[in-house]
């Protein structure tokens, strides 16, 4: 099928033109010419194609149903020049643009030009964490959840972690490389986990308002009958237990953010009359 025929077929399906796409893929690749690939698949090489054309057998690692018994991922063949323009070997010299794509895909990256050993950069997706500092508590309230935007962090030589912004030299460098294998399946919080984070934040906010209502010495709570006050105090106990369970769930699946306002790695204890240890 030539280009004109392809365009006619596309238009016949109700589309006006071929669209342009850009993506990021992580693959395994093995040098294999066109004839070898066709033989590997049990196919005949088409008469108008050259079996000696250089290329690669490409196996996709990030999705696609297996189409060959010897491979876990989907495989295809790519001409040598097309493949080598699109991919760089992991650990080899990447541009910052390629390194940024790897970061967003959950990889750790580093420059060979850095003097410090063991340093790497990684991407921290947006998430919510319990408030820690006095300044933050004064604004958000004790035991509140603070919503953090995404940022990049760097693991330093001494094992500490800091927020990181690339320098001009970092942006122009071509000695970036991926460090090891991916330790995260995705660069964002999974939807089912984000729902728990959101539910926890909502529960804490409602609990804060309920406690303020009960604790107001001159408020309407004092005018309620004993039975209604008892029900509200029981509601506070139940909501406190729910907030504690949700906090434990959040702590179990979220890493702490970088900075002076990150959690202590444990759930808030909301059972007492005063703020928990993590929120004091």
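The values are calculated or read from the model by the stated rules, or taken from the named source; none is laboratory data. Values in this document were obtained by computation on a predicted structure and should not be read as measured data. Here the Cβ positions follow ideal geometry from the backbone for every residue, glycine too, while neighbour counts run over all protein chains shown.
A few points about this structure:
- Helices (runs of 4 or more DSSP H) wholly inside the stretch 1-101 containing at least 3 residues that are at pLDDT 90 or above: 34-41, 80-86
- Test: residue in the stretch 163-185 that is touching a helix residue (DSSP H, G or I) at 6+ places or on another chain (Cβ under 9 Å), loosely packed, with under 13 Cβ neighbours inside 10 Å and either in contact (Cβ under 8 Å) with a residue 40 or more places away in the chain or farther than 26 Å from residue 127 by Cα (or both): yes
- Of all residues in the stretch 42-86, those that are out of contact with any helix residue (DSSP H, G or I) (no Cβ under 9 Å at 6 or more places or on another chain), over 14 Å from residue 27 (Cα atoms) and surrounded by 14 or more Cβ atoms within 10 Å (Cβ to Cβ) total 1.
- Counted residues, the stretch 199-213 - those being surrounded by 15 or more Cβ atoms within 10 Å (Cβ to Cβ) and over 19 Å from residue 251 (Cβ atoms): 3
- Note on the stretch 105-118: residues that are exposed (fewer than 15 other Cβ atoms within 10 Å of the Cβ) and either part of a strand (DSSP E or B) or touching a residue at least 24 places away in the same chain (Cβ under 8 Å) (or both) total 5.
- Residue match in the stretch 249-261 (condition: over 19 Å from the mean Cα position of the chain (by Cα), outside any strand (DSSP E or B) and at pLDDT below 50): yes
- Output for the stretch 119-142, where each listed residue is out of contact with any strand residue (DSSP E or B) (no Cβ under 7 Å at 6 or more places or on another chain) and assigned to a loop (DSSP other than H, G, I, E, B): 125, 132, 133, 141, 142
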